[in-house]
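Read through the structure below, which is laid out as structure tokens, and then see the notes.
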Amino acid sequence: MELRKNDIIETHIEAVSSEGNGICRAENGEVIFVPNSAVGDTLKVRIVKKLKKYSFGKIEELISPSPDRIETDCPCFYQCGGCVYRHISYDAELKIKEQRVRDAVERIGKITDVKVDKIVGSELEERYRNKAQYPVGKNQSGEIISGFYGLHSHRIVSCDDCLLQPEIFSQINKTVLDFMKSSKNDVYDETTHKGKLRHIYLRQGEKTGEIMVCLVVNGNGLKDEPILVKELTEKFPQIKSIVVNSNRDKTNVILGKRNRVVFGQEYITDQLLGVSFRISPHSFYQVNRRQAEKLYSIAAEYADLSKDDVLLDLYCGTGTIGLTMANKVKELVGVEIVEDAIKDAKINAQINNVENSRFLCGDASYAADELKKEGVRPDVVIVDPPRKGCDEKLLNTIKEMSPKRIVYVSCDPGTLARDLAILKTLGYPPQKITPVDMFPRTAHVETVVLMSKTEK
């Protein structure tokens, strides 16, 4: 019998989707996705959304819990859209993520002759993030709140202390909110486009301890800014930068283009594998520094660089991966389409006295073509693309450059598997595949893959 909305069925969770939802089936075989469930749960599930090929349900009753279940330690977990695995053990979470990579490689990439290595778990399961973006608004009672957006919504879930963030972030956040409540400033309302403070954006250099406070404002600034600056800097001496970011646009994009420094400098610094990096409000920087070091170390091991090599770092961002390997090669060439990121990469090279590097601003496919025209032949190519992966033109251009090895760093197993299948046909079959958990308690998983050139 076909399912209908509000039907309640008894079922068993058999697997987990890439978004972290449990997967079960009705008696007629129809697939149902159930948030906050765990493999091994026996449940009564209420159907809350009915689509043509599948449905979404919610737990009505937990009949028999999975052995992987643990007590949820965050009061915001079931409302906030940040974590999806806080109700199961970390060991169970790692198994799910490792299997997700393995399934993608085998089912999407059709690659069955390479073993996916054991996932590299995170040293910290909690308090590992060095960046937080708190939207600010009002609750139904008109009280100023901040927190995180609920899943698939712009409803702010008030959260006094996110367990993924450093405790000091919650303290700084509370100090700013208390100032907003006591001053004559108002917070932003995205429906009317009125009010001032939109987001409280915090960054920390874990190694250096330096903290940046960035206030995203619908306008040029806040009233009585000096009072807030004095309070923050006296209370938190770790703060080395306070920036007001102006964002007047009716947009979901958090940061505007213009920054105004009201204390310290426009950046803080941190270190990855002994290399110093400047972090400004717009800079990309890995949010889990300790895991980033593990990720980059695996990438360097796979790259197997020598002093005579030319290393091409595509999608290089602010240069973090390439600059940690620059001392191993003759020349580093970084390519990135975001102009501000290239500016940061050049500064990062300068402050680390890396003289054998250059950074090009442009689309990765175009820049790779230009290097080929110059006669630059990279020995090793590293690609770290966005979630959508690499386009086929770029992969063909890399193949024409004929590097000895390609190291692919991926944040999405599906697009990774698709690209691996293409690269295999181009003469670069995968040799090693290692998942790395950069974001415990979330659904995300990173992967590092080594591909070596084969002679046809």
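Picking from V354, V407, V381, V376, which residue would you name as being touching a Pro at 6+ places or on another chain (Cβ under 6 Å) and under 26 Å from D304 (Cβ atoms)? Walk me through how you get there before you give the answer.
Details: V354 fails: touching a Pro at 6+ places or on another chain (Cβ under 6 Å); V407 fails: touching a Pro at 6+ places or on another chain (Cβ under 6 Å); V376 fails: touching a Pro at 6+ places or on another chain (Cβ under 6 Å).
Going through V354, V407, V381, V376 in turn, just one is touching a Pro at 6+ places or on another chain (Cβ under 6 Å) and under 26 Å from D304 (Cβ atoms): V381.
For segment 301-314, indicate whether the set of residues that are part of a loop (DSSP other than H, G, I, E, B), in contact with an Asp or Glu (Cβ under 7 Å, 6 or more places away or on another chain) and at pLDDT below 95 is non-empty. Spell out how you get there, then give the answer.
Pass one, segment 301-314, residues part of a loop (DSSP other than H, G, I, E, B): 304-309.
From the residues that got through so far, the ones that are in contact with an Asp or Glu (Cβ under 7 Å, 6 or more places away or on another chain) too are 309.
Then keep just the ones that are at pLDDT below 95; that gives none.
No, every residue in segment 301-314 fails to be part of a loop (DSSP other than H, G, I, E, B), in contact with an Asp or Glu (Cβ under 7 Å, 6 or more places away or on another chain) and at pLDDT below 95.
Got a number for residues in segment 191-207 being surrounded by fewer than 23 Cβ atoms within 10 Å (Cβ to Cβ), over 30 Å from V275 (Cβ atoms) and in contact (Cβ under 8 Å) with a residue 40 or more places away in the chain?
Going through segment 191-207 one residue at a time, the tally reaches 1.
Kindly indicate which of G40, G81, G57, G22 is more than 30 Å from T425 (Cα to Cα), modelled with pLDDT under 95 and outside the structural domain of P440 (by TED's automatic domain parsing).
Working: G40 fails: modelled with pLDDT under 95; G57 fails: modelled with pLDDT under 95; G22 fails: modelled with pLDDT under 95.
Going through G40, G81, G57, G22 in turn, the sole match is G81.
Just the residues that are more than 22 Å from N288 (Cα to Cα) and of a type in the set (A, V, I, L, M), please, taken from segment 118-150. Step through it out loud before you land on a result.
Start the filter on segment 118-150 by keeping residues that are more than 22 Å from N288 (Cα to Cα), which leaves 136-146, 150.
Within segment 118-150, V136, I144, I145 meet the criteria.
Which residue is nearest to S18 (Cα to Cα), if the candidates are limited to segment 64-82 and must be touching a Ser or Thr at 6+ places or on another chain (Cβ under 6 Å) and in a loop (DSSP other than H, G, I, E, B)?
First, pick out the residues of segment 64-82 that are touching a Ser or Thr at 6+ places or on another chain (Cβ under 6 Å): 64, 68, 70.
Of the ones still in play, those that are also in a loop (DSSP other than H, G, I, E, B) are 68, 70.
On the way: D68: 18, I70: 21 Å.
If we take residues in segment 64-82 being touching a Ser or Thr at 6+ places or on another chain (Cβ under 6 Å) and in a loop (DSSP other than H, G, I, E, B), then D68 is nearest to S18 (Cα to Cα).
In this structure, is A132 in a helix (DSSP H, G or I) and in contact with a helix residue (DSSP H, G or I) (Cβ under 9 Å, 6 or more places away or on another chain)? Reasoning before the result, please.
Values: in a helix (DSSP H, G or I): no; in contact with a helix residue (DSSP H, G or I) (Cβ under 9 Å, 6 or more places away or on another chain): yes.
Criteria not met by A132.
Name the residues in segment 42-69 that are of a type outside the set (S, T, N, Q), touching a helix residue (DSSP H, G or I) at 6+ places or on another chain (Cβ under 9 Å) and surrounded by 15 or more Cβ atoms within 10 Å (Cβ to Cβ), would you?
Quick first cut of segment 42-69, residues of a type outside the set (S, T, N, Q) only: 43-54, 56-63, 65, 67-69.
Then drop every residue that is not touching a helix residue (DSSP H, G or I) at 6+ places or on another chain (Cβ under 9 Å), which leaves 67-69.
Passing the criteria: D68, R69.
So, of the residues in segment 17-39 that are among the β-branched types (V, I, T) and touching a Gly at 6+ places or on another chain (Cβ under 6 Å), which turns out to be nearest to Y85 (Cα to Cα)? Let's see the steps before the verdict.
At the first step, the residues of segment 17-39 found to be among the β-branched types (V, I, T) are 23, 31-32, 34, 39.
From the residues that got through so far, the ones that are touching a Gly at 6+ places or on another chain (Cβ under 6 Å) too are 32, 34.
On the way: I32: 18, V34: 13 Å.
It comes out as V34.
Can you tell me which residue within segment 321-354, out of those that are modelled with pLDDT under 95 and part of a helix (DSSP H, G or I), is surrounded by the most Cβ atoms within 10 Å (Cβ to Cβ)?
Going through the qualifying residues, I end up with D344.
Could you list, in sequence order, all residues of segment 137-153 that are surrounded by 15 or more Cβ atoms within 10 Å (Cβ to Cβ) and touching a residue at least 40 places away in the same chain (Cβ under 8 Å)? Write out each step before concluding.
Pass one, segment 137-153, residues surrounded by 15 or more Cβ atoms within 10 Å (Cβ to Cβ): 137-138, 144-151.
Correct list: G137, K138, I144, S146, G147, F148, Y149, G150, L151.
How many residues does segment 154-172 hold that are in contact (Cβ under 8 Å) with a residue 40 or more places away in the chain, buried (at least 19 other Cβ atoms within 10 Å of the Cβ) and within 20 Å of T233 (Cα to Cα)?
Within segment 154-172, residues that are in contact (Cβ under 8 Å) with a residue 40 or more places away in the chain, buried (at least 19 other Cβ atoms within 10 Å of the Cβ) and within 20 Å of T233 (Cα to Cα) number 1.
Kindly indicate the residue of segment 55-79 that is aliphatic (A, V, I, L, M) and without any contact (Cβ under 8 Å) to a residue 40 or more places away in the chain and also nearest to V45 (Cα to Cα) among those meeting that condition. Give the steps one after another, and end with the answer.
Taking segment 55-79 and keeping what is aliphatic (A, V, I, L, M), we get 59, 62-63, 70.
Subsequent filtering for residues that are without any contact (Cβ under 8 Å) to a residue 40 or more places away in the chain retains 59, 62, 70.
Details: I59: 5, L62: 9, I70: 20 Å.
By that ranking, first place goes to I59.
On the given criteria, is R289 more than 24 Å from A364 (Cβ to Cβ), in contact (Cβ under 8 Å) with a residue 12 or more places away in the chain and charged (D, E, K, R)?
Spelling it out, R289 is indeed more than 24 Å from A364 (Cβ to Cβ), in contact (Cβ under 8 Å) with a residue 12 or more places away in the chain and charged (D, E, K, R).
Of the conditions (1) surrounded by fewer than 18 Cβ atoms within 10 Å (Cβ to Cβ); (2) in the same structural domain as P378 (by TED's automatic domain parsing); (3) modelled with pLDDT under 95, T318 satisfies every one except a single condition; which number is it?
For T318, the failing item is (1).
Within segment 88-109, identify whether any single residue is under 21 Å from L163 (Cβ atoms), outside any helix (DSSP H, G or I), within 18 Å of the chain's Cα centre (by Cα) and β-branched (V, I, T), and answer yes or no.
First pass over segment 88-109, keeping only residues under 21 Å from L163 (Cβ atoms): 88-94, 96-97.
Now restrict to residues that are outside any helix (DSSP H, G or I): 88-89.
So of that shortlist, the ones also within 18 Å of the chain's Cα centre (by Cα) come out as none.
Checked segment 88-109: no residue is under 21 Å from L163 (Cβ atoms), outside any helix (DSSP H, G or I), within 18 Å of the chain's Cα centre (by Cα) and β-branched (V, I, T).
Tell me which residues, restricted to segment 81-97, are in contact (Cβ under 8 Å) with a residue 60 or more places away in the chain and surrounded by 20 or more Cβ atoms within 10 Å (Cβ to Cβ). Break it down into steps so the answer makes sense when it comes.
Residues of segment 81-97 that are in contact (Cβ under 8 Å) with a residue 60 or more places away in the chain, as a first pass: 81-86, 90, 93-94, 96-97.
Those that are in contact (Cβ under 8 Å) with a residue 60 or more places away in the chain and surrounded by 20 or more Cβ atoms within 10 Å (Cβ to Cβ): G82, C83, V84, Y85, R86, E93, L94, I96, K97.
Assess whether P403 counts as being in contact (Cβ under 8 Å) with a residue 12 or more places away in the chain, over 22 Å from Y285 (Cβ atoms), surrounded by 22 or more Cβ atoms within 10 Å (Cβ to Cβ) and touching a Ser or Thr at 6+ places or on another chain (Cβ under 9 Å).
Values: in contact (Cβ under 8 Å) with a residue 12 or more places away in the chain: yes; over 22 Å from Y285 (Cβ atoms): yes; surrounded by 22 or more Cβ atoms within 10 Å (Cβ to Cβ): yes; touching a Ser or Thr at 6+ places or on another chain (Cβ under 9 Å): no.
Taking the combined requirement at face value, the residue does not satisfy it.
Could you check segment 252-280 and list, in sequence order, the residues that are surrounded by fewer than 20 Cβ atoms within 10 Å (Cβ to Cβ) and either over 25 Å from N353 (Cβ atoms) or under 17 Å from the mean Cα position of the chain (by Cα) (or both)?
Those that are surrounded by fewer than 20 Cβ atoms within 10 Å (Cβ to Cβ) and either over 25 Å from N353 (Cβ atoms) or under 17 Å from the mean Cα position of the chain (by Cα) (or both): N252, V253, I254, L255, G256, K257, R258, N259, R260, V261, V262, F263.
Give me the pairs, please: first residue somewhere in segment 239-254 and in the same structural domain as Q171 (by TED's automatic domain parsing), second residue anywhere and among the acidic types (D, E), beta-carbon distance under 7 Å, and either six or more positions apart or on two chains.
Close Cβ pairs satisfying both conditions: K240/E210; S241/E266; V243/E266.
Only residues that are of a type outside the set (G, A, S), within 22 Å of I351 (Cβ to Cβ) and not in a loop (DSSP other than H, G, I, E, B): list them for segment 245-272, please.
Within segment 245-272, the subset of a type outside the set (G, A, S) is 245, 247-255, 257-263, 265-272.
Right, trim to within 22 Å of I351 (Cβ to Cβ) and you get 259, 261, 263, 265-272.
Matches in segment 245-272: N259, V261, F263, I268, T269, D270, Q271, L272.
With respect to the numbered conditions (1) more than 16 Å from A345 (Cα to Cα); (2) touching a helix residue (DSSP H, G or I) at 6+ places or on another chain (Cβ under 6 Å), which one is the sole condition not fulfilled by V275?
V275 satisfies all of (1) more than 16 Å from A345 (Cα to Cα); (2) touching a helix residue (DSSP H, G or I) at 6+ places or on another chain (Cβ under 6 Å) except (1).
The values are calculated or read from the model by the stated rules, or taken from the named source; none is laboratory data. Predicted, not measured: the structure shown is a model, and the values here were computed from it. FYI the Cβ positions are ideal-geometry reconstructions off the backbone, even for glycines, and counts take in every protein chain you see.
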